[in-house]
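The values are calculated or read from the model by the stated rules, or taken from the named source; none is laboratory data. The structure presented is a predicted model; accordingly, all values stated were derived computationally and were not measured. Cβ coordinates were reconstructed from backbone atoms using ideal geometry, including for glycine residues, and neighbour counts include every protein chain displayed.
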Protein chains: 2
Amino acid sequence: MTTTTRWLTAEEQRIWRLFVQACESVFAATDTQLIRDSGIPHGYYEILVHLSEAPGRALRMTQLAHASTYSKSRLSHAVTRLEERGWVVRRECATDRRGQIAQLTEEGFAALAAAAPGHVEQVRKSLIDALTPEQISQLGEVAAAIVAAAADSGSKCHDADLC
Amino acid sequence: MTTTTRWLTAEEQRIWRLFVQACESVFAATDTQLIRDSGIPHGYYEILVHLSEAPGRALRMTQLAHASTYSKSRLSHAVTRLEERGWVVRRECATDRRGQIAQLTEEGFAALAAAAPGHVEQVRKSLIDALTPEQISQLGEVAAAIVAAAADSGSKCHDADLC
DNA sequence: TGATATTAGTTGATTATTCAACAACGCCGG
DNA sequence: CCGGCGTTGTTGAATAATCAACTAATATCA
């Protein structure tokens, strides 16, 4: 436990900071584009995407929260705002009276369809087109390894919402 | 302008989502660790780091905002809270009477020093140790390319705070 | 110099996120 | 069928982030 700290080497630190910067720049760019062109914050967009891909364009709150890596509370607030925009409606769940089902409306689907091209274009500009094909596949493997490592250490997770 | 959208291929989309997930998992883990063990949110930690590395452990607000990729407003609020904790003080700037200089206090430095080992350990767990040495250097190049691309397209940036 | 534009930084209102507490329901053992 | 227990989802208060408006000081330039 109290072994001396394994500090990062100069090179490791450089790469760590580059990584942080790269993430921030990509998310800032995609977020800005999405809000500017469609008025949809990045987080809402992800919710709409997951709903649009679900059978019947509907999902239980918990499943949607998990898919979007939202906490239940955050999702509940977010869906309330999406309902105000008319993009989502809440429905009762037939098999579980506690359950709520979030369903994408036609307007919500239309808003998503209208926003998608600009968003995709921005993802290309910020990420895909910035890299060589080889770098893209390397990024894929690196990202997969990071996610896998997180899943491992997260296996002992006991927090309320996540996992 | 209105050319048909260059949609992402299935593989590109897979990698994009993996990338998003990887970033989220790393930041969630480092954030959680930092708050749990030191009560320091990730954003504040970065501010303290930049101050600690500056000559005299002090920086003009604007420089600090830029270094931490904070907006001026956000930084101003954040420094207010850091002052309340006794970790930072504001000083007048001798050469520009508009200016404010944020200076790290001894307590602030001590808090940073106490938090650093755990944070570094978490960065290792979430990122460095999850990758092979080759992947780490690949990640460095990929991140550098992403940052460079963002800097290019950001050159025409006219927003108030950034750039 | 004096008029105007820029820059530095703060503030308060609006909006988003987290956190802890909670109500309602389902599950399961006695 | 009942009582405890975990789950589902919501709520409201506290905290944080964004946005627009603002003050005050400096730069620019005729």
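Considering only segment A:85-95, state which residues are touching a strand residue (DSSP E or B) at 6+ places or on another chain (Cβ under 6 Å) and more than 9 Å from DNA strand D (Cβ to nearest atom). Listed by number, the residues that qualify are A:V88, A:V89, A:R91.
Only one of these is surrounded by 14 or more Cβ atoms within 10 Å (Cβ to Cβ), touching a strand residue (DSSP E or B) at 6+ places or on another chain (Cβ under 7 Å) and at pLDDT 95 or above: A:L131, A:L82, A:L112, A:L127. Name it. After ruling out the rest, the residue left standing is A:L82. If you filter segment A:53-81 down to residues that are more than 14 Å from every other protein chain (Cβ to nearest Cβ) and either in contact with a Phe, Trp or Tyr (Cβ under 6 Å, 6 or more places away or on another chain) or aliphatic (A, V, I, L, M) (or both), you find that the one that is farthest from DNA strand D (Cβ to nearest atom) is A:A54. The single condition among (1) surrounded by 19 or more Cβ atoms within 10 Å (Cβ to Cβ); (2) away from DNA strand D (no atom under 13 Å from the Cβ); (3) not in a helix (DSSP H, G or I) that B:V20 does not satisfy is (3). For segment A:58-81, a residue qualifies if it is near DNA strand C (Cβ under 10 Å from one of its atoms) and closer than 24 Å to B:V20 by Cα, and the qualifying residues are A:T69, A:Y70, A:S71, A:K72, A:S73, A:R74, A:L75, A:S76, A:H77, A:A78, A:R81. Looking only at residues in segment B:134-163 that are modelled with pLDDT of 95 or more and among the acidic types (D, E), the one that is surrounded by the fewest Cβ atoms within 10 Å (Cβ to Cβ) is B:E134. Could you grab me the full set of residues in segment A:92-109 that are exposed (fewer than 12 other Cβ atoms within 10 Å of the Cβ) and either more than 9 Å from DNA strand C (Cβ to nearest atom) or closer than 15 Å to A:S52 by Cβ (or both)? If the condition is that a residue be exposed (fewer than 12 other Cβ atoms within 10 Å of the Cβ) and either more than 9 Å from DNA strand C (Cβ to nearest atom) or closer than 15 Å to A:S52 by Cβ (or both), then A:E92, A:A94, A:E106 are the ones that fit.
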